[in-house]
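Notes follow the structure.
The numbers here are math on the coordinates, done by the rules we state, and not lab data. Here the structure is a predicted model, which is why all the values come from computation and not from measurement. Virtual Cβ from ideal backbone geometry, glycine too; neighbours counted across all protein chains shown.
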Amino acid sequence: MAKHLVLVGGGHAHLTALMRLRDTVRAGHRVTLIGPSPYHYYSGMGPGLLSGIYRPAEARFNVKKMAQDRGATFLQDRVVLVDPVRRTLALDSGAEVGYDAVSFNTGSGVPLDLLHSSGDNIFPVKPIENLLAARKKIREADPGKRIRVVVVGGGSAAV
Ligand SMILES: Cc1cc2nc3c(=O)[nH]c(=O)nc-3n(C[C@H](O)[C@H](O)[C@H](O)COP(=O)(O)OP(=O)(O)OC[C@H]3O[C@@H](n4cnc5c(N)ncnc54)[C@H](O)[C@@H]3O)c2cc1C
């Protein structure tokens, strides 16, 4: 019997599944991909986006197109609640999507609720396209003025 498979998040962990979606669709199943953007930026190229080595179009996957080309539906939205009893997902837009099977790949995020104040000078690294905004901000700074950049976290991406 045909089932509805829902993939939440079009990031790294779902890319191989997205490549192989045609097999699932050919078997008669319905597939929906839900994600906040038609594009997924490859994190490994994130530092290169920040430094200007890569242009945005060189560092991203068009996950909407990947899904649609293989017979799936793409919903540009964000899952905010799961009801496992009714097997439904509530979306940010207010819509509701039913599923037979759901796979979550929503990745990691910077816990911004730890901040005591907000500001347009703070750029959490995920989603990676935030680094484009950081680059723009740095480039817009007055060339005669020293700017102070603070990197929080000392992993390989920070290096
Ligand atoms: C700057 C940087 C450089 C890195 N370089 C490397 C590297 O060189 N090699 C390496 O192995 N790893 C690297 N990493 C780590 C790598 O990015 C992560 O391990 C990997 O992206 C995790 O994959 P994921 O599939 O779990 O999540 P992600 O690839 O982050 O995908 C999650 C997706 O889910 C979507 N999403 C989030 N919330 C929702 C929601 N509520 N509803 C719907 N969709 C949602 C997001 O928009 C995103 O598209 C790097 C990370 C950073 C930050």
Query - Kirkwood Rh (inverse of mean 1/r, distinct Cα pairs), the chain, angstrom - result: 17.7 Å
Query raised in the report: Residue by residue through segment 71-80, which ³J(HN,Hα) values in whole Hz follow from phi under the Karplus form 6.51 cos²θ - 1.76 cosθ + 1.60 (θ = phi - 60°), with glycine and proline marked x?
Result: x, 9, 9, 10, 10, 7, 6, 9, 7, 10
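Run lengths n ≥ 4 of DSSP H only: what is the helix-derived mean residue ellipticity at 222 nm for the chain, with -39500 (n - 2.57) per run over all residues, to the nearest 500?
Estimated from H runs of four or more residues: -6000 deg cm²/dmol.
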Report task. For segment 1-52, state which trypsin sites (Lys or Arg not before Pro) are in a DSSP loop and have at most 16 other beta carbons lying within 10 Å of their beta carbon. Result -> Lys3, Arg20
Query raised in the report: Once the Cβ-Cβ distance between His116 and Ser93 is put in as r, and R0 is 41 Å, what FRET efficiency do you end up with, to the nearest 0.05?
Result: 0.85
**Report entry** Ascending count of other beta-carbon atoms within 10 Å, so fewest first, for Ile128, Ile122
**Finding:** Ile122, Ile128
Query - Ranked Lys145, Lys65, Lys136, Lys126, criterion: other C-beta atoms within 10 Å, fewest first - result: Lys145, Lys136, Lys65, Lys126
**Report entry** Degrees separating the helix 130-140 axis from the principal Cα axis of the chain, which is the longest one
**Finding:** 30 degrees
Report summary line: Least to most buried among Val97, Val82, Val150, by other C-beta atoms within 10 Å and fewest first, runs Val150, Val82, Val97
**Report entry** Calculated P(r) tail over 14 Å for segment 84-159, as whole % of Cα pairs
**Finding:** 76 percent
Query raised in the report: Once both labels are modelled 7 Å past Cα along the beta-carbon direction, what's the Leu81-Asp142 spacing in nm?
Result: 4.9 nm
**Report entry** Convex hull volume of segment 30-69 per residue (C-alpha atoms, cubic angstrom)
**Finding:** 66 Å³
Report task. Only bridges with both residues in the chain count here: give the DSSP antiparallel percent, nearest 5. Result -> 45 percent
Query - Beta bridges per DSSP with both ends in segment 3-78, % antiparallel, nearest 5 - result: 25 percent
